[in-house]
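Only one structure is covered here, and it is reproduced in the block below.
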Amino acid sequence: MDPVTPVPSSLTTDLAAVVGADHVLTDAADVAPYATDWRGAYAGTPLAVVRPGSTDEVSAVVRLAHEAGVAIVPQGGNTGMCGGATPSGDGSQVVLSLGRMRKIRDVDPVSSTMTVDAGVVLAEVQQAAASVDRLFPLSLAAEGSCTVGGNIATNAGGTAVLRYGMMRSLVLGLEVVLPDGRVWDGLRSLRKDNTGYDLTQLFIGAEGTLGIVTGAVLTLHPATPARATSWVALPSVAAAASLLPLLRDHAAERLTTWELVSRPALDLVVSQGVPDPLACDAPWFGLIELAGPAGATVGDDLESALGAAVEAGLVLDAAIAGSPAQRDGLWALRERISEAQESLGPTIKHDVSVPITSLDDLVSRLAPALEQALPGIRPIVYGHVGDGNLHYNLSRPESLEPDAFWARAAELSAIVHDCTVELDGSISAEHGLGSSKAAAASAYKSEVEVSLMRSVKDALDPRGLMNPGKVLPLG
Ligand code: FAD
Ligand code: MLT
Ligand code: ZN
């Protein structure tokens, strides 16, 4: 990486000439929303925030920054969990917001594809697909604010991965502005293309460290208007894991969602006004959804699966949504947890995955280890159990000040991550690494794997100007 070059004073003027003066922000109040993440857990000080309105403008901005030796931090909806879209604190980096690039360029119901700008909000993609009787299945609680570019950069997961896979399964082609400002037009909509290395997949999950995604061709699925949704009470995590094959035996590919919620996580959302449909004294709960085309017998499939599950002792009690409003109520029990936990003070987040057969072991080991390390600590555990992915999120003991709790983050995270890795798991299932987990991920990976990752980074971004310190630690 080049030594830090003094920033030419003309840079902001040159940027303004490209995007217009209104779209280069430097006042502290104007840059504030872009300088910190949504939780206020990570904060920085950008040199400027630039808001280009087209791919050509992104390219010109990146070229200017490259010539000036200034690093760029891409930002979409700023809903990420790991500080990936937050600039450093030394005022040396430009935040490039994709927020003005919100065009849906094309929707093709015959080939079941949609081509979009990177700044389009996920919920708008879902609505555009629905308007032509198709489904864009990526679904997560931040869908009203997160962008397609951010979903691609983080390889987002969410609540329908079980059936449709993660974001990388939903992208056919990309348009990317490379670190020196060149544009790679890979906006292909082909289902089959074996002409060499898969560059599209390389940029997915790269968290803006290899280039800036400006456009994407997405793949759509058949609409699933028939839905059957249930909230279940469970005796254990082991039962939750055993329920997966049983649900699949009854529903096959119609099983779309299988989510787990711990008792403390449920109590938290209920305390914030979401009604509990069961009032059952169980330690674990879950949300199940089956979906299919109009006329599909998903309700019958769900009832027969639940009957078999109760008989097998895997489910203690169940409520089935009888209307769209009741379905929304059941979903709220799961989707409101993340934001509800912020009311307890700073959350130390963990997004781990293990083989589904090891989930019970993970939970059984972590609870006593964490309690021993910090008596009174409050784990709020929930997640995408069908994917073996738990959010093992920690809140402070009531008696401990927020700052004192946050100061213990590294030590507490090491307990969660060591145990995950011992069980052959991953320390980031779906949120990515950002700045918060870059060093830890490199420490757990083999030297060979880290050096391959560094070779890719150095080949595409030899000057290290694209979102430095994210994914791979500095130095
Ligand atoms: P940002 O937060 O702006 O950026 C995230 C990363 O992507 C950063 O590294 C940034 O530099 C990079 N980036 C952004 N845009 C681009 C671009 N155009 N080109 C290159 N790099 C770019 N995530 C899940 O996976 N599953 C969940 O279930 C889930 N649930 C959530 C629930 C809540 C309530 C919230 C607040 C968040 C949740 N998230 C979840 C996390 C988050 O919404 C996702 O990571 C999302 O994909 C981020 O999109 P964004 O546009 O907000 O990206
Ligand atoms: C979710 O699934 O709700 C989020 O990914 C979890 C989190 O906020 O940690
Ligand atoms: Zn999640």
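FYI, it's all coordinate maths here, none of it is from the lab. Owing to the predicted nature of the structure, the values given are computational and were not obtained by experimental measurement. When we count neighbours, we look across all protein chains shown, and the Cβ atoms used for this are built from the backbone with ideal geometry, even at glycine.
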Kirkwood calc, the stretch 334-403, C-alpha pairs only, radius in angstrom 12.8 Å
Quick calc, the chain, dipole around Cα centre from Cβ unit charges on Lys, Arg (+) and Asp, Glu (-), nearest 20 debye, gives 560 debye
Restrict the search to the stretch 343-428; then list the GluC sites (Glu not before Pro) that DSSP places in a loop and that have at most 13 other Cβ atoms within 10 Å of their Cβ.
-> Glu398
Cα-based Rg of the stretch 376-475 normalised by 2.2 N^0.38 Å, two decimals | 1.26
Just rank Arg334, Arg39, Arg191, fewest to most, by other beta-carbon atoms within 10 angstrom.
-> Arg191, Arg39, Arg334
Among Gly215, Leu302, Tyr42, which residue has its Cα positioned farthest towards the positive end of the charge dipole of the chain, with +1 placed on the Cβ of Lys and Arg, -1 on the Cβ of Asp and Glu, and the dipole taken about the Cα centre?
-> Gly215
Sorted by Cβ neighbour density within 10 Å, fewest at the top, the residues Val183, Val161, Val176 | Val183, Val161, Val176
Hey, if you put +1 on the Cβ of every Lys and Arg and -1 on every Asp and Glu Cβ in the chain, which of Met453, Leu172, Leu400 ends up farthest toward the positive end of that dipole?
-> Leu172
If you place +1 on the Cβ of every Lys and Arg, -1 on the Cβ of every Asp and Glu, and leave all else neutral, what size is the dipole of the stretch 345-444 about its Cα centre, to the nearest 20 Debye?
-> 200 debye
In deg cm²/dmol and to the nearest 500, what is the mean residue ellipticity at 222 nm of the chain if only DSSP H runs of at least 4 residues count, each as -39500 (n - 2.57), divided by the residue total?
-> -10500 deg cm²/dmol
Starting from the Cα gyration tensor of the stretch 228-273, take the square roots of the eigenvalues, sort them a ≥ b ≥ c, and report rounded, prolate or oblate (rounded when a/c is under 1.5, otherwise prolate if a/b is larger than b/c, else oblate).
-> oblate
Debye-sum result for the stretch 27-142 in log10 I(q)/I(0), which assumes one identical scatterer on each alpha carbon, at q = 0.12, 0.16, 0.22 Å⁻¹ | -0.52, -0.82, -1.17
Any chance you could tell me what percent of the C-alpha pair distances in the stretch 104-222 go past 26 Å?
-> 12 percent
For the chain, what is the largest minus smallest coordinate of the Cα atoms on each principal axis, given in angstrom and ordered from greatest to least?
-> 71, 57, 44
What's the exposure ranking of Thr36, Thr26, going from fewest to most Cβ atoms within 10 Å?
-> Thr26, Thr36
Honestly the stretch 226-338 on the Cα gyration tensor test (a ≥ b ≥ c root eigenvalues; a/c under 1.5 rounded, otherwise a/b vs b/c for prolate or oblate) is just oblate
